[in-house]
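For reference, the structure is listed below as structure tokens.
Please treat every number below as a calculation from the coordinates, not as lab data. Remember, it's a predicted structure, so these values are computed and weren't measured experimentally. Every residue, glycine among them, receives a Cβ derived from its backbone with ideal geometry; neighbour counts consider all protein chains shown.
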Amino acid sequence: MRYALLICHDETKVVGTDPARTQAFAAFEDEMTARAVLVGGERLRPTTSATTVRVRDGDMVIADGPFAETKEQIAGFYIVDCEDLDGAIEIAAKIPAACYGSIEVRPVWEI
Amino acid sequence: MGDIADVQAAVAEAFRSEWGRVVAYLIRVTGQWDLAEECAQDAFTKALERWPRDGIPTSPAGWLKTTARNRAVDRIRREKAGDAKLREAAMSALGDEESRFDDNGIGDDRLRLMFTCCHPALPVEAQVALTLRTLAGLTTSEIARAFMVPTETMAKRLVRAKGKIRDAAVPYRVPPAHQLPNRLMAVLAVIYALFNEGYSASAGADLVRQNLCAEAIRLGRLLVELMPDEPEALGLLSMMMLHDARRPARVDAAGDLVTLEDQDRRLWDIAAIGEATAVLDDAVRLRRQGPYQLQAAIATCHAAAPTAADTDWAEIADLYRRLAEMVPSPVVALNRAVAVAMADGPEAGLLIVEKLEQSGVLADYHLLPATRADLLRRLGRNQQAEIAYRRALDLAPTDAERRYLAKRLAEV
């Protein structure tokens with residue numbers, strides 16, 4: 001069963017790169033790769049670089065910024081493959097960002 | 001041929017003892033919650049038709065399980081939609097009746113069901129509702145009535161929770177050892193919430209609502225039966241039984257709450273108190289202290305006192321001290337203040353109350369000024385007591401409590 005682990009945090013508080021944080025993420029990814037549960041994942045640039053696109057009645061509307069203005073924004077994601085929700089929760093809790101942001105666990109809609 | 005009334009009683013009895021078992025078994029083998037409930041329901045309906053004609057089977061439990069299983073086989077066979085592989089897996093699991101996949105040394109499906117219903121990934125109100133529906137066998141409209149929400153709202157809540165269990169793959173198992181302590185606390189919290197909901201129901205309230213206490217105690221018993229070495233499960237059961245034993249004395253003829261101090265102790269259920277005390281003894285023997293055991297111990301102190309004046313307040317104050325260390329809650333601290341005041345005098349209690357007031361955490365909680373007022377009254381500081389009673393009256397949430405406080409205010 002695949003899950004998307006969406007990493008959300010307050011962009012105004014977590015900025016740039018920080019060696020300790022980078023190292024923590026690398027360790028997490030190493031561990032999950034070794035356990036063969038990590039399918040993929042990326043860090044995303046902050047929402048200051050986001051563009052929102054909508055097509056309404058055939059017209060494309062382009063807007064600056066994320067689709068929703070909230071305090072916590074999606075900052076990255078992982079896709080993991082594990083047995084069940086308990087497995088996904090256990091992995092989510094190990095993402096370094098769980099200690100300062102939040103991780104939304106969403107099952108992938110398998111066809 | 002049995003007497004109709006006898007047969008109906010036998011079906012009702014089987015429903016109480018077997019519903020949860022049949023549903024839990026069918027969920028495990030089919031993985032489909034709705035199907036499990038519907039097939040269990042069909043089996044009980046069939047029992048009502050068949051048993052008067054054929055007699056009550058020697059093993060009602062076996063009869064019900066087989067009938068429900070056959071119904072599930074039928075339904076799955078006729079199902080056109082859905083995943084063929086899943087269907088095949090369910091069919092083979094249903095065929096192998098004695099298949100007992102057991103990953104944790106705990107074989108009872110009802111325990112798996114309990115942990116899944118009380119999974120922290122589900123909203124708390126859904127945990128409570130699912131437990132009542134699947135384990136206790138209450139209908140959706142009964143649960144809705146018990147929680148005073150429209151049936152439609154409750155139905156949606158149940159559908160959503162079952163949908164999440166399915167789509168997010170909430171596991172159907174007793175959690176592994178490293179997760180067990182936390183997850184067991186969630187199960188205990190659901191049972192306790194159920195009990196509190198029933199306990200707070202007034203005497204005039206819907207019977208279903210009042211029955212929640214009995215359902216909670218039944219689930220508590222089941223949990224203790226399935227996990228006999230969990231002291232907190234025993235502690236919770238003991239505490240619920242002790243509170244329930246006082247129920248006949250809790251409300252007066254006018255429907256007003258009677259405080260513990262003023263209750264007619266002859267109305268307490270002595271047999272239940274005896275059993276609850278024995279349950280707590282079992283818990284204590286396991287030598288792992290916990291908040292439910294401490295609360296049960298406090299309730300035992302009250303239950304053991306022939307009159308309010310005989311209460312061992314020093315022991316209760318000490319139990320509250322230990323409880324406050326474990327559960328740093330301001331409400332526990334307030335209760336401790338009351339016990340300390342009874343044991344060591346009102347000034348000692350007042351000190352704790354004042355510390356709580358300074359922290360500001362219970363600023364809107366009427367029992368804080370009410371407790372302060374009582375202590376001041378006992379110290380003869382009537383003017384200050386009056387101010388505190390008025391403050392409590394402003395904050396009191398129910399008429400019964402306002403009447404009680406007004407009575408006290410008139411006395412100072």
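Summary table
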{"quantity": "Rel. contact order, % - alpha carbon contacts under 8 angstrom, at least six apart, segment A:33-95", "calculated": "39 percent"}
{"quantity": "Dmax and Rg, reported as Rg then Dmax, of segment B:184-254 (C-alpha, Å)", "calculated": "12.7, 43"}
{"quantity": "Histogram of C-alpha separations across the protein assembly as shown, 20 Å bin width, %", "calculated": "17, 43, 32, 8, 0"}
{"quantity": "Within chain B, helix-based [θ] at 222 nm, where runs of 4 or more DSSP H residues each add -39,500 (n - 2.57), nearest 500", "calculated": "-23000 deg cm²/dmol"}
{"quantity": "Whole-Å distance, taken between Cα centres, linking segment B:328-387 and segment A:25-63", "calculated": "54 Å"}
{"quantity": "B:Arg403/B:Glu275 FRET efficiency (R0 35 Å; Cβ-Cβ; nearest 0.05)", "calculated": "0.50"}
{"quantity": "Listed residue (B:Val170, B:Leu267, B:Ala296) projecting farthest to the positive dipole end of the protein assembly as shown, Cβ model", "calculated": "B:Val170"}
{"quantity": "Proximal charge balance of B:Tyr365 [Cβ under 13 Å; K/R count +1, D/E count -1]", "calculated": "-2"}
{"quantity": "Zero-based 10 Å bins, Cα pair distances in chain B, whole percents", "calculated": "4, 18, 27, 24, 14, 8, 4, 1"}
{"quantity": "Where trypsin sites (Lys or Arg not before Pro) in DSSP loops with at most 15 other Cβ within 10 Å are excluded, longest remaining stretch of chain B", "calculated": "B:101-286"}
{"quantity": "Under 11 Å, Cβ to Cβ, from B:Arg183 - net charge with Lys/Arg +1 and Asp/Glu -1", "calculated": "0"}
{"quantity": "Calculated FRET efficiency for the pair A:Ile111/B:Glu354, C-beta based, R₀ 51 Å, to 0.05", "calculated": "0.20"}
{"quantity": "Neighbourhood charge, 9 Å Cβ-Cβ cut-off, centred on B:Phe115 and excluding it, Lys, Arg +1 and Asp, Glu -1", "calculated": "+3"}
{"quantity": "Rounded to 10°, Cα long-axis angle of helix B:330-344 versus longest principal axis of chain B", "calculated": "50 degrees"}
{"quantity": "Cα gyration tensor, segment A:47-111 - rounded (a/c under 1.5), prolate or oblate", "calculated": "oblate"}
{"quantity": "Rg to Rh, two decimals, where segment B:298-412 supplies the alpha carbon set and Rh follows Kirkwood", "calculated": "0.97"}
{"quantity": "Gain on full stretching of the segment that runs from B:Ala214 to B:Thr45 - 0.36 nm per residue minus C-alpha separation", "calculated": "58.4 nm"}
{"quantity": "Base-10 log of normalised Debye intensity for segment B:116-158 (one unit scatterer per alpha-carbon) at q = 0.27, 0.30, 0.31 Å⁻¹", "calculated": "-0.90, -1.06, -1.11"}
{"quantity": "Angle in degrees between helix B:4-30 and the longest Cα principal axis of chain B, rounded to the nearest 10", "calculated": "80 degrees"}
{"quantity": "Binned Cα-Cα distance frequencies in segment B:233-367 - 5 Å width, integer %", "calculated": "2, 11, 17, 19, 21, 17, 10, 4, 0"}
{"quantity": "More than 22 Å apart - percent of Cα-Cα pairs taken over segment B:110-218", "calculated": "28 percent"}
{"quantity": "Between helix B:212-226 and chain B: long-axis angle, C-alpha atoms, 0 to 90°, nearest 10", "calculated": "70 degrees"}
{"quantity": "Linear extension gain, B:Thr66 paired with B:Thr139, 0.36 nm per residue minus alpha-carbon span", "calculated": "24.0 nm"}
{"quantity": "Loop-exposed chymotrypsin sites (Phe, Trp or Tyr not before Pro) per DSSP, neighbour cap 15 Cβ within 10 angstrom, longest uninterrupted part of chain A", "calculated": "A:1-66"}
